[in-house]
Amino acid sequence: MKTSTKVALLLLAAFIAMLLLSLGVYIYKSVYPGANGNDNSNSAGKRRALPNPAAGKSVEEIASEFNESFVLYLLAQLGAAQLHNPPLSSETPKIEIHVGDDVYSAEIIDGRIIVRRGSIANEDIRVFTTKKEAAKMLLNKSYVRTSFEQGKSSIELVASRTKLVSKGYLSLYSKFG
C-alpha cells in the first residue's frame, strides 16, 4: 500500500473518530442537560420570574378563575422548561393537562413553555386533576407530590418510556411521586 493511501486512510479514520466523539458528547448533553457543570435546575436566571397568579387568592377563587396562566405557572414551577427535544430530533415535548372539564395543552420549545386551551396531538403525557387540586398545588408547591400520591391527581404516560427519558421527563416525573 502506498504511503499516500495510508495517510489518507489515517486522516479519514481520525475524522470519523472525531465525528463519533462529537456526536456522543452531543447526545450525552441532550439526555443529561445538567452534565455541563452548570446548575440547570432553574431557568429563571435566564428568564424573568413568573408571578404566581394564585397569590393572595383562596382555593375557591383560583378554581373559579382558573385559566392558562395558572397552568403555565405550575408547569414552570415544576421545571417543565427543562424538557427538550430528543437528540437529533425536532420533536418537542408536549403535555395535555385535564383540569376538571377543561383541557389545556403545553409545548416546550427551546426552554419556553407555551400553554393553550384545548387538546394537542402527539402528547407525551396527560395530567388529570381537579380545579381545587390545581389551586392547592399553586398555593403550596410541596402539595403536588401529595396530590399524586393520594390519587387525587394522576399522570398517563402516552409516549414510550425511552422517548420520555430522551426528552427529560425523568426529572419532572420524580416531582410527581
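When both residues are 6+ apart or on different chains and their Cβ atoms are under 6 Å apart, which pairs have a first residue that lies in the stretch 139-156 and is under 15 Å from TYR73 (Cβ atoms), and a second that is part of a loop (DSSP other than H, G, I, E, B)?
LEU139/ALA54
Tally time: how many residues in the stretch 1-40 are at pLDDT 65 or above and over 18 Å from the mean Cα position of the chain (by Cα)?
26
Select from the stretch 146-172 the residues that are exposed (fewer than 15 other Cβ atoms within 10 Å of the Cβ), in a helix (DSSP H, G or I) and not β-branched (Val, Ile, Thr) and list them in ascending order.
Matches in the stretch 146-172: GLU149, ARG161, LEU170.
Only one of GLU107, GLU96, GLU91, GLU123 is among the charged types (D, E, K, R), under 18 Å from SER160 (Cα atoms) and loosely packed, with under 15 Cβ neighbours inside 10 Å; which?
GLU91 is the lone residue from the list that is among the charged types (D, E, K, R), under 18 Å from SER160 (Cα atoms) and loosely packed, with under 15 Cβ neighbours inside 10 Å.
Pairs please, first residue from the stretch 69-86 and under 18 Å from SER174 (Cα atoms), second anywhere and surrounded by fewer than 19 Cβ atoms within 10 Å (Cβ to Cβ) and among the basic types (Lys, Arg), Cβ atoms under 6 Å, 6+ apart in sequence or on different chains.
GLN77/LYS141; LEU78/LYS175
Anything in the stretch 102-138 that is of a type in the set (Val, Ile, Thr) and either over 14 Å from LEU75 (Cα atoms) or in a loop (DSSP other than H, G, I, E, B) (or both)? List them, or say none.
VAL103, ILE120, THR130 - these are the residues of the stretch 102-138 that are of a type in the set (Val, Ile, Thr) and either over 14 Å from LEU75 (Cα atoms) or in a loop (DSSP other than H, G, I, E, B) (or both).
The values are calculated or read from the model by the stated rules, or taken from the named source; none is laboratory data. As the structure is a computational prediction, the values presented were derived from the model and not from experiment. Here the Cβ is made from the backbone with ideal geometry for all residues, glycine too, and neighbour counts use every protein chain on show.
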